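Below is one structure; the comments refer to it alone.
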Amino acid sequence: MKVLVFGSLNIDHVYQVPHFLRPGETMDSTAYSRNAGGKGLNQAIALARAGQDTAFAGAIGPDGLFLRDTLMEAGVDTRHVQVLAAATGHAIIQVEATGGNAILLFGGTNRMITREMAQSVLSTFAAGDCVLLQNEISCGKEILQSAKEKGLRVALNPSPASPDLHAWPLELADWLILNEVEGEDLTGASQPQAMLDELNRRFPHTAIVLTLGENGAFYRDGHQQLHQPAIPVKAVDTTAAGDTFTGYFLASVLAGKDPAFALRIAAHAAAVAVTRPGAGASIPTATEVAQKIL
């Protein structure tokens, strides 16, 4: 069984700043780095480092070839990464002293995924395989529908939140993994329990994972609700925390682990990631996570 991450590849331009820029403000950054990123890339690396057989589908420009190399070095199958004659997607990331981040995205080649490209990729996977999607590429709705038609399982991380998500057939997702911002956008509720109740009412056959940062994470399905506290650490950079959590959680449940264990290992993996700078580079290996749990 293989997981296909059909997602984004970004060049991350990361600036360390005393505080997030205010409107009209000009400020010197204290450090700069260029990193491999994109929610798709980060989640694929997390899956692979968690021990899951992982493939990636997406698009880059000639300026983003190092992103494909980064995936390959992590053990991800990159045969479905296409190189287009356009600029690779990128992100401008501010990281303040407490580790919090603010991110501005440019879609680039991530927004050039076509229906034909998606169908060609999905035709190489079989019923029982799994597709992991986010909301940083074009044709996400069509990929979700086509994957289910082919008998694939789908995990959806509806991030970033956007109005078009309300038109997606979210009830087709087997897992919906989202944070408070996305939960409020989809439900209109402001409290986590109200979000869980509404999501479960609307999507009774979908397992819901709601991440709450320092307040941990909830799991909800038609039979149970679980809570996993956050692991206390001193955060350096939270950029890939949610992506690390998503990859490790999904790898665990696909390996047959119960949701409580999957939440626990995902929380520990995310806790390691936030103690390191960068996105993909901060994601720990399964051995590192196991050492934290023992």
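Do you know which of the residues in the range 1-25 that are part of a strand (DSSP E or B) and among the aliphatic types (A, V, I, L, M) is modelled with the lowest pLDDT? Taking the candidates together, the pick is Val14. Can you tell me which residue in the range 156-189 is modelled with the highest pLDDT, limited to those that are loosely packed, with under 14 Cβ neighbours inside 10 Å and either touching a Leu at 6+ places or on another chain (Cβ under 9 Å) or assigned to a strand (DSSP E or B) (or both)? Here the residue is Pro169.
Taking the options Leu122, Leu152, Leu196, name whichever one is over 25 Å from Met1 (Cα atoms), more than 17 Å from the chain's Cα centre (by Cα) and among the aliphatic types (A, V, I, L, M).
Numbers: Leu122 fails: over 25 Å from Met1 (Cα atoms); Leu152 fails: over 25 Å from Met1 (Cα atoms).
So the residue among Leu122, Leu152, Leu196 that is over 25 Å from Met1 (Cα atoms), more than 17 Å from the chain's Cα centre (by Cα) and among the aliphatic types (A, V, I, L, M) is Leu196.
Consider Leu263 carefully, then state whether it is more than 24 Å from Ile45 (Cα to Cα), in a helix (DSSP H, G or I) and in contact with a strand residue (DSSP E or B) (Cβ under 7 Å, 6 or more places away or on another chain). No; evaluated as a whole, the condition is false for this residue. For the range 1-60, the set of residues classified as free of Cβ contacts under 8 Å to residues at least 40 places away in the same chain and touching an Asp or Glu at 6+ places or on another chain (Cβ under 8 Å) consists of Arg34 only. For the range 190-198, the condition of being part of a helix (DSSP H, G or I) and farther than 22 Å from Ala262 by Cα holds for at least one residue. Against the test of being farther than 17 Å from Gly99 by Cα, in contact (Cβ under 8 Å) with a residue 12 or more places away in the chain and over 17 Å from the mean Cα position of the chain (by Cα), the options Ala262, Ala255 yield a single qualifying residue, Ala255.
The values are calculated or read from the model by the stated rules, or taken from the named source; none is laboratory data. The structure displayed is predicted, hence computed values, not measured ones. We place every Cβ from the backbone using ideal geometry, glycine too, and count neighbours over all the protein chains shown.
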